[in-house]
Amino acid sequence: MADLKDESIAGVSRRTVLSLAAGASVGAAAYGVPAKTPIATRTNDLVMMDATTLAAAIHSRRASCVEVMTAYLDHIDRIDPVVNAIVVREERGDLLAQAHERDRQLARGESMGPLHGFPHAVKDLQPVKGIRTTMGSPILKDFVPSADGLMVARLRKAGAIFIGKTNTPEFGLGSHTYNQVFGATRNAYDQSRSAGGSSGGAAVALALRMLPVADGSDYGGSLRNPAGWNNVFGFRASIGRVPNDARDAWLPSMGVTGPMARTVTDLAMLLSVQAGFDARTPLALDEDGSTFQRRLDSDLKGKRIAWGGDLRGHTPCEPGVLDVCRAAVQIFESIGCVVEEATPEYDLDAVWQAVVRLRGWQLGAPLLGYYNDPAHRALLKPEAVFEVETGLRQSAYDITAASVVRTEWYHAVRRFFERYDYFILPTAQVFPFDVGLHWPQEIAGRRMTTYHEWMKATLLITMSGCPALAAPAGFGDRGLPIGIQIIGPNRRELDCLRLAYAYESATNWPNVRLPPLLAAR
């Protein structure tokens, strides 16, 4: 147990606590989630605190864990029926009993860590002992794990109380959160629109103050797209930064787990809990998570930033996306950075073809058993079948050739970072689309040939292995949010956090523009 005088807990920064009323009308029903009439609620001060301020309030005993739990559960009861973000809920009595025990620990001078007493809902791809984990699939709709996943165990050890799960698309496939088990999650800013995915439930729960922080995962943009579409922060760290459970520890997927938050300080705090070596994952990075407890303010004057736009036309964008993102990039100039338009030199079509092959192999393999069982195959959504069948078409030599392209692309990006300190791209190529749409068939007149091609701008960065921090960029003409990816060299997460911290200090988007469900009348 950590002593309460530990500066990493007691010495956190304090921000102004907002207390606002909420009211908004909601879009039409889709995927079994009914439309609602306008709601109004007086939100509790506790749920409007950022996570580090909340941690300070809990550890100084200015707020009890029971008070915090009660405030969040009441707030979730009011808000979540409108957006469907938290899809598995634990019993209130059990949660309050756990909160009471956290308070008794503090009374004895004991703290479990920075998440002590935090209500937390885990993305429904991660196993949590004793809590239903469906992965959004009807095949697993009643599955209850007997043990925590590795990342979940770290959250529990740091003091989190698991209140349930956040919604995700089936097996995390696709950047739009809907499934046959729970239905669709609706965007925090416009309930007629998609929340993004696959960490859509997490992003919406964060934006609407139903969670202090959230966890997510990312292969093709699943931490980045929903963060951008819900005006919060998400961080895809370097491969191995946050150890992952995997059946194959030596040929790991390009998927990673990571943090989401409403402030960069909170993002770093959660990453400090999630990160660090574990002997069960031999390719995990050695560096301890305490690295991310360092100060984030730094002198960025003269830092060189490359703005990639639509990657020379390779990633077409909906009108307005690049305009909002360019305006965000200008903020970096105001804090002393030098911005140029530039992209790494490499055949991006070749990278994309390699993405499709490697993804089919990596994501199709865990689903092969279901695919081979006719009864289960009938329950798989088309995107899951697509990945399995893409993998089945590959030979070992095809996978090797695709991996060589990935390596060459990594070196092209590595050389690019010899000229630039950061690379900036949009978090998605479109604004949030209609919640009833499966995926965009066309962008700016160009047909999308796969269910994930509209997320090419994030998938190409996945292939580089670089850390990419999603930050809010602003809002388009229709009031819909979009974000930017702050991309740094491999293993330079702290650099990404420092630039994002300076950017947040100049913009403060999550508090400047609250979702209509929270905004004052």
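Which condition number in (1) more than 8 Å from the chain's Cα centre (by Cα); (2) within 22 Å of N44 (Cα to Cα) is the one that A214 fails?
(1)
For segment 330-344, enumerate the residues that are assigned to a helix (DSSP H, G or I) and either hydroxyl-bearing (S, T, Y) or surrounded by fewer than 19 Cβ atoms within 10 Å (Cβ to Cβ) (or both).
Q330, E333, S334
Can we say E318 is at pLDDT below 95 and either surrounded by fewer than 20 Cβ atoms within 10 Å (Cβ to Cβ) or part of a loop (DSSP other than H, G, I, E, B) (or both)? It would help to see each step written out before you state the result.
Values: at pLDDT below 95: no; either surrounded by fewer than 20 Cβ atoms within 10 Å (Cβ to Cβ) or part of a loop (DSSP other than H, G, I, E, B) (or both): yes.
Here the answer is no, as E318 does not meet what is asked.
Keeping to segment 215-260, report how many residues are at positive phi and in contact with a His (Cβ under 9 Å, 6 or more places away or on another chain).
Number satisfying all stated conditions: 1.
Quick one: in segment 37-52, of everything that is assigned to a loop (DSSP other than H, G, I, E, B) and β-branched (V, I, T), which residue is modelled with the lowest pLDDT? If you could, list the steps in order and put the result at the bottom.
To start, the set of residues in segment 37-52 that are assigned to a loop (DSSP other than H, G, I, E, B) comprises 37-38, 43-44, 49-50.
Keeping just the survivors that are β-branched (V, I, T) gives 37, 43.
Working: T37: 32, T43: 52.
That would be T37.
Please give the number of the condition V430 fails out of (1) of a type in the set (A, V, I, L, M, F, W, C); (2) crowded, with 21+ Cβ neighbours inside 10 Å; (3) free of Cβ contacts under 8 Å to residues at least 12 places away in the same chain.
(3)
Every residue in segment 424-443 that is part of a strand (DSSP E or B) and either more than 15 Å from G200 (Cβ to Cβ) or of a type in the set (F, W, Y) (or both), please. Working first, answer last.
Initially, segment 424-443 is screened for residues part of a strand (DSSP E or B), giving 424-426, 434, 442-443.
If the condition is that a residue be part of a strand (DSSP E or B) and either more than 15 Å from G200 (Cβ to Cβ) or of a type in the set (F, W, Y) (or both), then I424, L425, P426, E442, I443 are the ones that fit.
Name the one entry in A378, A354 that is under 27 Å from T168 (Cα atoms) and surrounded by fewer than 15 Cβ atoms within 10 Å (Cβ to Cβ). Break it down into steps so the answer makes sense when it comes.
On the way: A354 fails: surrounded by fewer than 15 Cβ atoms within 10 Å (Cβ to Cβ).
Result of the check over A378, A354: A378.
Being part of a helix (DSSP H, G or I), within 22 Å of A207 (Cβ to Cβ) and either in contact (Cβ under 8 Å) with a residue 12 or more places away in the chain or acidic (D, E) (or both), is that true of even one residue in segment 457-472?
Step one: list which residues in segment 457-472 are part of a helix (DSSP H, G or I), which gives 457-464.
Still in the list and also within 22 Å of A207 (Cβ to Cβ): 457-458.
Then keep just the ones that are either in contact (Cβ under 8 Å) with a residue 12 or more places away in the chain or acidic (D, E) (or both); that gives 457-458.
Yes, segment 457-472 has at least one match.
Being touching a residue at least 40 places away in the same chain (Cβ under 8 Å) and charged (D, E, K, R) is the filter here; which residues of segment 100-140 pass it?
Scanning segment 100-140 gives R102, E110, K123, D124, R132.
Can you tell me which of E408, E418, E453 is buried (at least 18 other Cβ atoms within 10 Å of the Cβ) and of a type in the set (D, E)?
From the options E408, E418, E453, the qualifying one is E453.
Is there a residue being within 17 Å of L311 (Cβ to Cβ), of a type in the set (D, E, K, R) and part of a helix (DSSP H, G or I) anywhere in segment 490-503? Break it down stepwise before answering.
So the first thing to find is which residues in segment 490-503 are within 17 Å of L311 (Cβ to Cβ), and the list is none.
Within segment 490-503, none of the residues are within 17 Å of L311 (Cβ to Cβ), of a type in the set (D, E, K, R) and part of a helix (DSSP H, G or I).
Y397 - would you say it is crowded, with 18+ Cβ neighbours inside 10 Å and more than 30 Å from G308 (Cβ to Cβ)?
Numbers: crowded, with 18+ Cβ neighbours inside 10 Å: no; more than 30 Å from G308 (Cβ to Cβ): yes.
Answer is no for this residue.
So which pairs qualify, if the first residue must be in segment 503-519 and touching a residue at least 60 places away in the same chain (Cβ under 8 Å), the second must be of a type in the set (D, E, K, R), the Cβ gap must be under 7 Å, and the two must be at least 6 apart or on different chains?
P510/R262; L518/R209
Please find, within segment 504-521, the residue that is farthest from the chain's Cα centre (by Cα) out of those that are surrounded by fewer than 23 Cβ atoms within 10 Å (Cβ to Cβ) and assigned to a loop (DSSP other than H, G, I, E, B).
Here the residue is R521.
Suppose we filter segment 280-314 for residues that are among the basic types (K, R) and either buried (at least 19 other Cβ atoms within 10 Å of the Cβ) or in contact with a Leu (Cβ under 6 Å, 6 or more places away or on another chain) (or both); how many remain? Spell out the reasoning first.
Filtering segment 280-314 down to residues among the basic types (K, R) leaves 280, 294-295, 301, 303-304, 312.
From what's left, either buried (at least 19 other Cβ atoms within 10 Å of the Cβ) or in contact with a Leu (Cβ under 6 Å, 6 or more places away or on another chain) (or both): 303.
The total comes to 1.
What are the residue pairs meeting all of these: first residue in segment 168-189, first residue over 15 Å from S137 (Cβ atoms), second residue surrounded by 24 or more Cβ atoms within 10 Å (Cβ to Cβ) and aromatic (F, W, Y), Cβ atoms under 6 Å, and 6 or more apart or on different chains?
Correct list of pairs: A184/Y178.
Condition first: within 22 Å of H438 (Cβ to Cβ) and not in a helix (DSSP H, G or I). Now tell me which residues in segment 345-398 satisfy that.
A378, L379, L380, K381
The values are calculated or read from the model by the stated rules, or taken from the named source; none is laboratory data. Bear in mind that the values here come from a model prediction, so they are computed numbers and not experimental data. Cβ coordinates were reconstructed from backbone atoms using ideal geometry, including for glycine residues, and neighbour counts include every protein chain displayed.
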